[in-house]
């Protein structure tokens, strides 16, 4: 019949329409993103992400502490990342934290929240709070001069290179060994044989005689170290700061009697009534030695003398090897004494309990009991240095090759 379309042409036209629709849909979709090799979290309170590995490269995004990013590649100590907004760029790997690091920081804050504060401290200038006791560790917040932070503990840490745990696993030798490198190794010539050593001279015995007495080498000096303080901020976070940058918030009229010692901890244990009001009674622990393996070496109580109108010492004990924390003993809401872990002269570690006399706040030793030194706040490092010579790349599986072939088709038809 004239004007009737054969069934073969209908089938051909249908296939052509289906193929054209699939092609248009493929061209209109967003290209697949590069697969992520891992994940990490921003360490500092502000981390700029740069478009390229250039100091003046454009900043494509700025991350806040704790924001999750995807790892796309590595070039020496720098990582190419993708943010939650889809921006891709480069950051220094020392400013990134792994999921384990974030969990350790959370556990540190929980442990600090359960520990008694050893006094409040202030700063003169904004002070960075680090995730680890190291100057190059990420600083996730700052303590401002008008803020106060609770001091929890102290740790002396040697000045060592900052080597955080790797974020990406290093490639195996099979993946690194390319055909070109294997060919170069094959074409390398074998080293020449070493020539025989020369013969000894006839007077070698006389030449070997010496009258100089060899002295033993001098003992190696201990590596330089820094005193770090664990602080708890008002928002509940905990981190590490340089202890020498802190100023304990005890009145200057009392702190001036520290005799060049560093006040490690202080407490208000009572009050004395005067005609102008009440004057607090202060108990402090001070450290006068440097490079010491303990937190304080003296205990002292200051009380206001109403008769002489000045601060006086009601109790002092020197020559101690004490460890924080100091525990206040209370009864009916009032401080009746305090306890501290001290290392005795014979090496035993005991917990001393002191009782306070009512009225004059004089302390006397009430007893000793066997104790253990407080648990360390720092855990031994389990990670190694991040590889700097290798660059992590996405594995070239058959799915990746198929995705690349589809991308080339899309680019060809979209022109």
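Read the figures in this text as sums done on the coordinates, not as results from a lab. As the structure is a prediction and not an experimental result, all values here were calculated from the model. Heads up, the Cβs are rebuilt from the backbone with ideal geometry, glycines too, and the neighbour counts pull from every protein chain shown.
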Principal axes of the stretch 33-97: Cα extent on each, largest first, Å = 27, 24, 23
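Going by average Cβ density within 10 Å per residue, which order do the peptides 281-289, 153-161 take, highest to lowest? Walk me through the intermediate numbers first.
Details: 281-289: 21.2, 153-161: 14.7.
Per-residue Cβ counts within 10 Å, averaged per peptide and sorted highest first, yield 281-289, 153-161.
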Distance from the Cα centre of the stretch 94-151 to that of the stretch 318-344, in angstrom?
-> 25
Note the full-extension length gain between residue 202 and residue 372 as 0.36 nm times their separation in residues minus their Cα-Cα distance, in nm to one decimal.
-> 54.5 nm
How are the C-alpha pair distances of the stretch 271-332 spread across 5 Å bins, as whole percents from the shortest bin up?
-> 4, 15, 21, 18, 15, 13, 8, 4, 1
Projected area of the stretch 250-373, taken from the Cα convex hull and averaged over every viewing direction, in nm²?
-> 8.2
Of the listed peptides 193-201, 316-324, what is their order by residue-averaged count of other C-beta atoms within 10 Å, with the highest listed first?
-> 316-324, 193-201
Apply 1/(1 + (r/R0)^6) to the Cβ-Cβ distance of residue 210 and residue 159, taking R0 = 30 Å, and write down the FRET efficiency to the nearest 0.05.
-> 0.15
Which order results if 275, 85 are arranged by neighbouring Cβ count within 10 Å, fewest first?
-> 275, 85
When you count, for each residue, the other Cβ atoms within 10 Å and take the mean per peptide, how do 36-42, 352-358, 91-97 rank with the highest first?
-> 91-97, 36-42, 352-358
